[in-house]
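Worksheet: one structure, shown below.
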Amino acid sequence: MFETIKQIWAAEGYVYLAIVLLTLSTVLTRSTYHLFGHRLPLSEPVRRALRFAPAAALTGIIVPIVLPWYSTETMATVIDQRLFAALVAIWLFNKTHNVMLMIVGGMVTFWVLRAFIGYW
């Protein structure tokens, strides 16, 4: 058994070391503000800019998933149900300003399109 662990560590040890180092650097960089934030107050422009961080992160995650992409085999534009569900969710939010209705309406649209049309 010890021979197997040594072989695994020799073959993939750098991966585990990289994971540990990245975890350590993430914990250190994120915890410094919690530990020393009361001594280093943020200026008002920085506070104002940080209010937009969640919206920017969500946009960076959702937009590449929803946007149409091109198939490499046929060079045709591929538009699937996610785009239509996102458009319905945006329309619902603009009409009602209700976040819960936007989420439910977008998901129901997505599920209905998946059920009737299937996977594109």
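The values are calculated or read from the model by the stated rules, or taken from the named source; none is laboratory data. As the structure is a computational prediction, the values presented were derived from the model and not from experiment. Backbone-built Cβ (ideal geometry, glycine too); neighbour counts: all protein chains shown. Side chains are part of the model used for accessible areas, which takes the heavy atoms of the whole protein and leaves out ligands, DNA and RNA. Shrake-Rupley method; radii C 1.70, N 1.55, O 1.52, S 1.80 Å.
Screening residue 85 on (1) under 30 Å from residue 112 (Cα atoms); (2) out of contact with any Ser or Thr (no Cβ under 7 Å at 6 or more places or on another chain); (3) modelled with pLDDT of 85 or more shows it passes everything except condition (2). Within the range 1-38, the set of residues being small (Gly, Ala, Ser) and open to solvent by 80 Å² or more (accessible area, probe 1.4 Å) comprises just one member, 10. Annotation note: of 79, 103, 117, 90, the sole residue that is open to solvent by 50 Å² or more (accessible area, probe 1.4 Å), over 19 Å from the mean Cα position of the chain (by Cα) and under 16 Å from residue 62 (Cβ atoms) is 79.
Residue by residue through the range 39-56, note down the ones that are surrounded by 10 or more Cβ atoms within 10 Å (Cβ to Cβ), at pLDDT below 90 and part of a loop (DSSP other than H, G, I, E, B). Correct list: 42 only.
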